[in-house]
Amino acid sequence: MFDFRIGDDGVVALSGRLDAAQVDRLREALGGVRASAVVDFGALEYISSAGLGVLLGVQKRLSEAGHRLTLVNLNHHIREIFRIAGFDNVFEIR
Amino acid sequence: MQATLKREMGELARAFRLVSKFARERGLGETGTYLLNLAVEEIFTNIVKYGAPDGGDVSIRADVAGGKLVVEIVERGAEPFDPTQVPDADVTAPLEDRRPGGLGLHMLRKLMDEMTYAHVNGDSHIRMTKRLED
């Protein structure tokens with residue numbers, strides 16, 4: 001089960017499992033983001049290439065306006081996935 | 001674990017439930033569990049998206065043997081497509097040149113110790129192994 005919550009501070013907090021069947025909900029979570037924002041992965045257990053593709057698309061859209069996503073609190077496995085996908089070059093990861 | 005799935009995205013949830021049960025029963029550990037989920041999802045979704053539209057079912061088998069996770073996925077009635085020969089995605093390109101395609105296979109080839117492919121009697125066989133450490 002994948003879920004998200006957008007806090008009063010604009011932080012988008014993801015939780016659960018983000019697989020190919022759930023990416024429309026990630027698009028929903030990030031579709032309204034129009035400026036630099038923080039995405040909190042602290043409660044996200046799993047992500048696959050489907051979720052990476054959505055994140056990449058959002059980062060490209062934001063970068064055209066000089067904005068970007070910052071990704072925080074990635075677990076060990078997801079951090080490794082991002083490193084292998086070269087996402088540490090295109091996202092700020094903290 | 002042994003499962004036969006119809007070639008449709010709706011089967012992914014059932015595949016994940018079987019993976020979860022297998023991982024729990026075999027005490028697979030976090031890394032092995034993540035990799036098995038990823039292997040099943042990336043290969044199965046590629047088959048659904050890009051495989052022959054009139055192809056047959058997809059069989060998935062997973063086992064732990066000799067300290068290794070072994071995953072075998074068979075696509076019935078498949079056009080030959082060798083995922084081990086697909087060029088690596090360019091993961092060093094700047095953001096504006098990055099494309100999401102190819103990341104799934106790229107990640108599996110990097111994360112698994114071994115991936116082999118064979119096309120036998122009209123079926124595609126993909127086999128992946130990973131030595132388990134936790």
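General observations
- Boolean, B:D57 is over 24 Å from B:F16 (Cα atoms), without any contact (Cβ under 8 Å) to a residue 60 or more places away in the chain and more than 11 Å from the chain's Cα centre (by Cα): no
- For the stretch A:2-13, the condition holds for at least one residue, the condition being that it is under 13 Å from the mean Cα position of the chain (by Cα), touching a residue at least 12 places away in the same chain (Cβ under 8 Å) and within 13 Å of chain B (Cβ to nearest Cβ).
- When the test is whether a residue is under 12 Å from the mean Cα position of the chain (by Cα) and surrounded by 14 or more Cβ atoms within 10 Å (Cβ to Cβ), A:D40 passes it.
- The numbered conditions (1) buried (at least 20 other Cβ atoms within 10 Å of the Cβ); (2) closer than 17 Å to B:E41 by Cα are all true for A:L74 except (2).
- Test: residue in the stretch B:88-95 that is within 14 Å of chain A (Cβ to nearest Cβ) and more than 28 Å from A:Q59 (Cα to Cα): no
- If the condition is being among the charged types (D, E, K, R), in a helix (DSSP H, G or I) and within 9 Å of chain B (Cβ to nearest Cβ), then the stretch A:43-82 contributes A:K60, A:E80.
- Matching residues, the stretch B:1-31, being among the small types (G, A, S), closer than 25 Å to A:V23 by Cβ and away from chain A (no Cβ under 11 Å): B:A3, B:A23
- Lone qualifier among B:L69, B:L36 - being away from every other protein chain (no Cβ under 14 Å), crowded, with 19+ Cβ neighbours inside 10 Å and not hydroxyl-bearing (S, T, Y): B:L69
- Within the stretch A:10-42, the set of residues being part of a loop (DSSP other than H, G, I, E, B) and farther than 23 Å from A:R94 by Cβ comprises just one member, A:D19.
- Sole exception among (1) crowded, with 18+ Cβ neighbours inside 10 Å; (2) free of Cβ contacts under 8 Å to residues at least 12 places away in the same chain for A:R61, by number: (1)
Read-outs: derived from the displayed coordinates by stated rules, not from any lab. What you see is a predicted model, and the numbers here were worked out from it, not measured in a lab. Please note: Cβ atoms are built from the backbone with ideal geometry, for glycine as well, and neighbour counts cover all protein chains shown.
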